[in-house]
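Input: a single structure, listed below in structure tokens.
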Amino acid sequence: MEYDEDDFLMISGIQHFSFCPRQWALIHIDQVWDENMKTMEGNIIHENCHNPDFIEKRGEILISRGIRIASRTLGVTGQCDVVEFHRDDDGGGRLYGHNGLWLPFPIEYKRGKTKDINADRLQLCCQAMCLEEMLGVSIYQGALYYHETHRREPVELTEPLRQEVRKMLEMMHDYFKRGYIPKVRPKKGCPSCSLKEICLPVICKKKSAQPYYEAMLGSDYV
Ligand code: SF4
């Protein structure tokens, strides 16, 4: 099956959906967005990365920023923060204006530090799957760069991670088609959610939401 361009979803939505399907649906279906400090920081980091005019060559590596990507089979579109193209005359693909074959190595820049949940890894994996489809190559690894720790975390693009991407996108397309907004399911990430005042207006007007989260989440509340 191939998706029509009109039905493409944003790749960046994967991290929202992974964190909370309701948050994703409020942003991408209901079109609400509340920019808190964390999302503002994230936007500034990304603005610094996305400069499509800038292609740097370091030895046998080409570095590009802000490449637009898409996949018809996954039905998604988006932008890569940084893609390194490593010279690889066995497994690489052709790049316009450059001799030889080049293998993409996507790098996604993130605020904060590495997380237990797979949200960032799923987004990176989806970017790699788009690049594979566009260039006819196989990509086995990418990396996440965390702004707070200044560390580059290598990510193996395994089959289970790819299956999770496919499954999540199927659900997102289904929700989008039906205009379905999942009900509130309080979780420990709610207090830091950029949409909490829209999602949980009654609770957030109280002096402190802590008793509510403690009651709902018990020992899971941090
Ligand atoms: S406040 Fe909680 S339930 Fe509501 S969108 Fe945010 S994370 Fe999801």
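Values in this text are rule-based calculations from the coordinates and carry no lab data. The structure displayed is predicted, hence computed values, not measured ones. Positions of Cβ are generated from backbone atoms using ideal geometry, with glycine treated the same way; all protein chains shown enter the neighbour counts.
Would you mind putting 124-132, 58-66, 98-106, 8-16 in packing order, based on average other-beta-carbon counts within 10 Å, highest first?
Details: 124-132: 25.7, 58-66: 14.2, 98-106: 19.0, 8-16: 21.7.
For the peptides 124-132, 58-66, 98-106, 8-16, the packing ranking is 124-132, 8-16, 98-106, 58-66.
Rounded to two decimals, what is Rg over Rh for segment 5-183 when you use alpha-carbon atoms and the Kirkwood radius? Before the final figure, lay out the partial values.
Values: Rg = 16.3 Å, Rh = 16.9 Å.
Result: Rg/Rh = 0.96.
Considering only His173, Gly136, Ile61, whose Cα is most displaced toward the positive end of the charge dipole of segment 5-183, charges sitting on Cβ of Lys, Arg (+1) and Asp, Glu (-1)?
Looking along the dipole axis, the top candidate is His173.
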